[in-house]
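The values are calculated or read from the model by the stated rules, or taken from the named source; none is laboratory data. The model shown is predicted, which means the values in this text are computed figures rather than measured ones. Here the Cβ positions follow ideal geometry from the backbone for every residue, glycine too, while neighbour counts run over all protein chains shown. Surface accessibility is based on the protein's heavy atoms, side chains included, excluding ligands, DNA and RNA. Shrake-Rupley method; radii C 1.70, N 1.55, O 1.52, S 1.80 Å.
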Amino acid sequence: MDVKQLNTALKQKKLLSDDKIKVLEKEKLALKTSSTWEDFLLEKKVISEDDLLKLKSEILGIEIVDLRNLQIPQDVLNLVPEPIAHRHKVISFAKTKENLSLAMMDPEDIQTRDFIQKKTGLKIQTFLVGKTSLDAGLSRYHSSLEKEIKHLFTPEGKSVTEGAKAEGESADDSLKKMAEEIPVIRVVDTLLEYAVFEKASDIHIEPQESAVTVRYRIDGVLHDVMTLPKVIQAAIVARVKVLANLKIDEHRLPQDGRFKIDKEGYKFSLRVSTIPIFDGEKVVIRLLDESAKAQSLEDLGFEKSAYDMISRNIKKPHGMLLITGPTGSGKSTTLYTVLSMLNTKNVNISTIEDPVEYRITGTNQMQVSPKIGLTFAIGLRALLRQDPNIIMIGEVRDKETAEEAVHAAMTGHVVFSTLHTNTAAGALPRLLDIGVEAYLIASTVNAVLAQRLVRVICKDCKTQMEIDDATYESLSKLFHLEKLMPVLLKEGVVPAKTKNFKDLVFFKGKGCDKCNNSGYKGRMGIHEILEVTPEIGDMIMQHKSAQEIQEQAEKNGMVLMWEDGFIKAIKGITSVDEILRVSKE
């Protein structure tokens, strides 16, 4: 609910005076708390939860429901998956043939309402609920799950697996039985469905000493989603292994697998990795949206100068473009976007990847398989006999692959690949370290792109922020701010009369229900692109350091990654905190 609207109502009902509200606003600002205004008022105990709830009910015109003493049928409760109930503060508590009654702390959360309506096919009736009442409703999930999984265990508390072992049944068979139990299937299906809804990139299932924690990586940051009873741990891991076609009875070695989910409205490929840790097996599931449409370079966050530079280099008839950055920095997405731009009927595009993350219609995609001897280098040799115009190599990992890639670029092919270095300039000495000859690097590499992902400020709670002296001092120690102003003027993101960094206006997200109080929604890339000019080619031949190469590239007009971050911060796309988080000079 709008803060101004709430404050006006508080004053009209004489629950808080104008002076008291101003004092509280200053206090909240000084504390720099991420709490919402409503939560802050409750924390300070200046208004009771019941009074606040009645006030909201009057303003919104929505009836209040109390879940504390309400009997909720189990099948009705389960219509809203537990993770969604927890994260979006919503519970289904009554159902008729056509209608579903939802208790919500934010009845205006249209996205969640639409999701539940689409999932259930029922007309939604919304009710307002308080935090204490909602917590009582949420506790029903945990207790109901424990009741459901009781039959998986003997009266002595031993799991079906342990009992089966005693009767001579193999651990493999008994774990398979557990993995096919309805409660276990429901938990895993819920975790997957909810991850898709929240646009999570990864699911972490982490065994602890006395429980199992589930976390999602959303917009690059991990969030706790739910805590499961320890007793269900083996069954959940077994269920994921069954889906990914892994060895159920192998608990001592890491395993990798994959499976797909294909439902109406979405199609995902899921990569599964398991590792043995002290308290059991940890599972990480990476979600890759196969139904996602190819984005444009502008959508990925390329500014005009960077866009022009990339466009110029991918249109060259031969040579190599390298993309660098850590795992999860969006390298593959950028590569696929570039390939989609070049994908016409006039060219033959072939790729060799580990694994194939996204399918591109009209391209030939090969997946490496070291178990049978199909490595990047061997696959690349085979691809060169297939008359390709454009080759994409998932990653340059060793000397053999690097040399094959360089020779492909020399013999008239366009080659795209990724490399693990922190900066664009660092990629060139890295190739030397791998063992590629300097003259080959200088004559085949057209450009190197380095990138990171920053979170985008939520549009619903974006607000201006000032750079105080303490923040300026801190930024000055990390970034060369004097170098920044000419770049900003050149890129045309600040008025020509701007002279001082402290005159710049930045933004941040206050946090709201639309972004789960994080202040961010979605991600975008920040980039730096190094073109291999004749001067830089000579420096490679002389085995110059990454720092010297970068200095020359800057003279040639390269915008550094952190500078690109500040350009986006001034445009109100991201925050200064995000630039600090992902890129430091």
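Separation of the range 542-564 and the range 1-66 by C-alpha centroid, Å? Between the Cα centre of the range 542-564 and that of the range 1-66, the gap is 52 Å. Here's how it looks for Met392: its modeled amide H is under 5 Å from those of Ser350, Thr351, Ile352, Phe416, which are all 5 or more places away or on a different chain.
Is the range 280-439 best put as rounded, prolate or oblate by its Cα gyration tensor, with a ≥ b ≥ c the root eigenvalues, rounded for a/c under 1.5, and otherwise prolate when a/b is larger than b/c, oblate when not?
On the way: a/c = 1.14, a/b = 1.00, b/c = 1.14.
Rounded shape, in that the Cα axes give a/c under 1.5.
The Cα atoms of the range 352-416 cover 28, 28, 18 Å along the three principal axes, with the biggest extent listed first. For Gln367, the residues 5 or more places off, or on other chains, whose built amide H falls under 5 Å of its own are Glu353. Derived scalar couplings between HN and Hα for the range 482-490 equal 5, 6, 6, 4, x, 5, 4, 5, 5 Hz in order, rounded to whole Hz, by the Karplus curve 6.51 cos²θ - 1.76 cosθ + 1.60 (θ = phi - 60°), x for Gly and Pro. Its relative contact order, with pairs defined as Cα atoms under 8 Å and 6+ residues apart, puts the range 182-243 at 29 percent.
Report the antiparallel proportion of the DSSP beta bridges in the range 1-139 as a percent, rounded to a multiple of 5. Could you put the intermediate results ahead of the total?
Values: 5 of 12 bridges.
The answer is about 40 percent antiparallel.
Express the relative contact order of the chain as a whole percentage, based on alpha carbon pairs under 8 Å and six or more residues apart in sequence. Computed over the chain, the figure is 10 percent.
For every helix of n ≥ 4 consecutive DSSP H residues, a contribution of -39,500 (n - 2.57) applies; sum these over the chain, divide by its total residues, and give [θ] at 222 nm rounded to the nearest 500 deg cm²/dmol.
Values: 25 runs with 246 residues, N = 585.
So the calculated ellipticity at 222 nm is -12500 deg cm²/dmol.
Distance from the Cα centroid of the range 307-324 to that of the range 335-408 is 16 Å (rounded to whole angstrom). Ordering Ile536, Gly522, Trp562 by the projection of their Cα atoms onto the charge dipole of the range 433-585, which places +1 on the Cβ of Lys and Arg and -1 on the Cβ of Asp and Glu, puts Gly522 at the extreme positive end. Once backbone amide H atoms are built at 1.01 Å from N, Val456 has Lys521, Gly522, Arg523, Met524 as its partners under 5 Å, excluding neighbours fewer than 5 places away on the same chain. Rounded to whole numbers, the Karplus 3J(HN,Hα) couplings from phi for the range 85-95 are 4, 5, 6, 9, 6, 9, 9, 8, 10, 8, 8 Hz, using 6.51 cos²θ - 1.76 cosθ + 1.60 with θ = phi - 60°, and x at Gly and Pro.
Could you list the trypsin sites (Lys or Arg not before Pro) in the range 384-469 that lie in coil according to DSSP, counting only those with at most 15 other Cβ atoms within 10 Å of their Cβ?
Working: sites: Arg385, Arg397, Lys399, Arg430, Arg452, Arg455, Lys459, Lys462; in loops: Arg385, Arg397, Lys459.
Listed in order of number, the matching sites are Arg385, Lys459.
Using only Cα atoms, tell me the angle between helix 469-478 and the longest principal axis of the chain; keep it within 0 to 90° and round to the nearest 10. Approximately 40 degrees, to the nearest ten. Under the combined filter of DSSP loop state and at most 14 neighbouring Cβ atoms within 10 Å, the range 239-301 retains these chymotrypsin sites (Phe, Trp or Tyr not before Pro): Phe278.
Specify which residue in the list Thr344, Thr36, Ile275 is farthest towards the positive end of the charge dipole of the chain, using unit charges on the beta carbon of Lys, Arg (+1) and Asp, Glu (-1), about the Cα centre. Working it through, the farthest residue towards the positive pole turns out to be Thr36.
In whole Hz, what ³J(HN,Hα) sequence does the range 400-417 give by Karplus (6.51, -1.76, 1.60; θ = phi - 60°), x for Gly and Pro? For the range 400-417, the Karplus-derived couplings read 4, 5, 4, 5, 4, 5, 5, 5, 5, 5, 6, 9, x, 9, 8, 10, 10, 7 Hz, x marking Gly and Pro.
Which pairs in the list Lys44/Lys508; Lys510/Lys568; Lys316/Lys399 are over 20 Å apart, alpha-carbon to alpha-carbon?
Flagged as over cut-off: Lys44/Lys508; Lys316/Lys399.
The angle separating the long axis of helix 49-60 from the principal Cα axis of greatest extent in the chain is about 70 degrees.
Beta-bridge orientation, the range 263-391: approximately 65 percent antiparallel, per DSSP, counting only bridges with both partners inside. Measuring nothing but how far apart in sequence close Cα pairs (under 8 Å, 6+ apart) lie, relative to its length, the range 364-512 scores a relative contact order of 18 percent. Under the convention that each Lys and Arg Cβ holds +1 and each Asp and Glu Cβ holds -1, the size of the dipole of the range 437-534 around its Cα centre is about 440 debye. Basic side chains Lys and Arg get +1 at the Cβ, acidic Asp and Glu get -1 at the Cβ, and with that the dipole of the chain about its Cα centre reaches some 1100 debye.
Counted residue by residue at 0.36 nm each, then reduced by the alpha carbon distance between them, the extension gain from Ser545 to Lys14 reaches 184.3 nm. Loop-located trypsin sites (Lys or Arg not before Pro) in the range 1-91 (DSSP state not H, G, I, E or B) with no more than 16 neighbouring Cβ atoms inside 10 Å: Lys13, Lys14, Lys32, Lys44, Lys45, Arg68.
Counted over the chain, the DSSP beta bridges are approximately 65% antiparallel. Taking every protein chain into account, the accessible area of the chain amounts to 49 square angstrom per residue (probe 1.4 Å).
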